[in-house]
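Beneath this line is the structure, given in structure tokens, with notes to follow.
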Amino acid sequence: MRKPAPLRPGDLIGVVAPGAAVEPAAVDAGVRVLEEAGYRVRVGAAVGRQSGYLAGTDAERLADLGTMFSDPAVRAIIAARGGYGSGRLLPRLDLDLVRRNPKIVVGYSDLTFLLTQLVQQAGLVAFHGPMLTDFPTNPNGAAALLRLLAGDRSSWNVKAREIVQPGTGEGVIVGGCLSIVVAGLGTPYALETRGRLLFLEDVNEKPFRVDRMLTQLRQAGKLDELAGVVFGDMTGCGHAGDVVTVRDVIGEAFAAARYPVVFGLPTGHGGGVVTLPIGVRARLAGERLSLLEGPLAE
């Protein structure tokens with residue numbers, strides 16, 4: 001795997017919007033957080049554009065990505081927000097450009113489309129973590145992200161809230177937003193899961209919809225021969241008084257699993273404070289997830 005270089009004070013961070021349109025005021029607020037942390041920021045041209053519900057046309061959003069990867073001054077690329085749209089770029093994504101210019105790339109939600117291909121096709125370690133417009137409302141998550149990207153792993157000692165299936169497993173971390181992982185099934189961009197530690201999280205999906213998506217993953221063979229499964233908080237996926245909770249759904253879906261399964265890792269939707277490196281080897285033991293290698297170049 002290609003590991004990007006860590007950030008240093010004064011480095012230039014590029015901001016892109018591969019998916020949905022974003023409010024300028026929210027971008028400005030996130031940029032201030034990065035600048036106050038000592039970084040320079042370049043906002044992509046498409047970030048301020050709108051084409052329907054997208055941040056500019058597919059060509060404009062793709063051009064921003066290409067520009068950020070091409071410019072040697074840009075040391076990291078952070079998505080402004082998620083929303084819909086990243087998947088539309090995959091057929092034209094220049095993976096050779098990515099391989100020649102390995103850089104930090106950060107996002108979650110719809111960015112799962114992009115992060116998966118960076119890991120699987122370009123062999124680049126990527127980061128499932130807070131996006132630019134999250135920074136003002138999630139200062140702890142932003143601070144943890146920047147510490148990790150600067151090479152500080154001392155605070156990266158994370159655990160899920162509860163154990164669904166006990167055990168220990170080791171493998172490369174893959175995955176992201178559950179609904180995006182499912183949307184990739186049957187396409188050339190489907191997630192490869194065998195032997196991996198599969199991470200899944202989502203937001204505001206009712207328990208029956210989570211059930212449906214896990215069933216689809218199982219029937220597609222994506223839950224076979226895993227090293228383990230780590231679920232995020234699944235924020236808003238159910239309400240008090242539900243006959244069946246999302247935790248019930250997960251427990252039933254993995255009742256016969258021969259690998260460890262945990263629930264409640266605080267990353268992604270819902271103000272998660274953990275940045276999860278994708279494409280690196282890790283160990284899941286009980287409720288604790290630990291990295292077996294650094295996500296950045298030495």
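The values are calculated or read from the model by the stated rules, or taken from the named source; none is laboratory data. If you're wondering where the values come from, they're calculated on a predicted model, not measured in any experiment. Here Cβ is always computed from backbone atoms with ideal geometry, including for glycine, and neighbour counts include all displayed protein chains.
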Q) Could you list, in sequence order, the residues of the range 217-232 that are surrounded by fewer than 14 Cβ atoms within 10 Å (Cβ to Cβ), in a helix (DSSP H, G or I) and in contact (Cβ under 8 Å) with a residue 12 or more places away in the chain? A) ARG218
Q) Taking the range 1-40 as the search range and keeping residues that are small (Gly, Ala, Ser) and free of Cβ contacts under 8 Å to residues at least 40 places away in the same chain, which one is farthest from PRO277 (Cα to Cα)? A) ALA25
Q) Could you list, in sequence order, the residues of the range 242-262 that are part of a loop (DSSP other than H, G, I, E, B) and small (Gly, Ala, Ser)? A) ALA255, ALA256, ALA257
Q) Is at least one residue of the range 252-262 in contact with an Asp or Glu (Cβ under 8 Å, 6 or more places away or on another chain) and either under 16 Å from LEU115 (Cα atoms) or in contact (Cβ under 8 Å) with a residue 60 or more places away in the chain (or both)? A) yes
Q. Buried (at least 19 other Cβ atoms within 10 Å of the Cβ) and not in a helix (DSSP H, G or I): does that describe PHE127?
A. yes
Q | Count of the range 233-251 residues which are surrounded by fewer than 17 Cβ atoms within 10 Å (Cβ to Cβ) and either touching a residue at least 40 places away in the same chain (Cβ under 8 Å) or charged (D, E, K, R) (or both) | A | 3
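Listed here are the residues, each with its yes/no results for (1) modelled with pLDDT of 95 or more; (2) in contact with a Lys or Arg (Cβ under 7 Å, 6 or more places away or on another chain).
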{"position": "GLY171", "(1), (2)": "yes, yes"}
{"position": "CYS177", "(1), (2)": "yes, no"}
{"position": "VAL262", "(1), (2)": "yes, no"}
{"position": "GLY270", "(1), (2)": "no, no"}
{"position": "ILE278", "(1), (2)": "yes, no"}
